[in-house]
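Reading through the structure tokens given below for one structure.
Derivation of every value follows stated rules applied to the coordinates shown; laboratory data play no part. Please read all numbers here as calculations on a predicted model, not as lab measurements. Here Cβ is always computed from backbone atoms with ideal geometry, including for glycine, and neighbour counts include all displayed protein chains.
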């Protein structure tokens, strides 16, 4: 089994700042992740849902390496992961319904 790809050079600073949020809850963690800018300006580092899911996975892997499995911090991060995953499911379902509606509701079959 190959090792996971290395998180980027700014991950250590990001990780240490994230640890300071221990006990703040998953909404605060998600706000931090979505707004984090390693250079202090410009676009956030983790703009998309996929980028946020990836970095949360890297954080959970780091928790495991550091023996934090089962800790309150890990539970908060897993809750954040669940929220991101749920948001992804909601978005995908919505897009599926919008772009692939049921055949019965097709506008081509409407009596105009």
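Once the Cβ-Cβ distance of residue 92 and residue 28 is raised to the sixth power relative to R0 = 22 Å, the FRET efficiency obtained is 0.30. Pairs of Cα atoms nearer than 8 Å and 6+ residues apart set the relative contact order; for region 11-99 it is 27 percent. Overall form of region 11-99: oblate. Here a/c, set by the Cα gyration tensor axes a ≥ b ≥ c, is 1.5 or more, and a/b is not larger than b/c.
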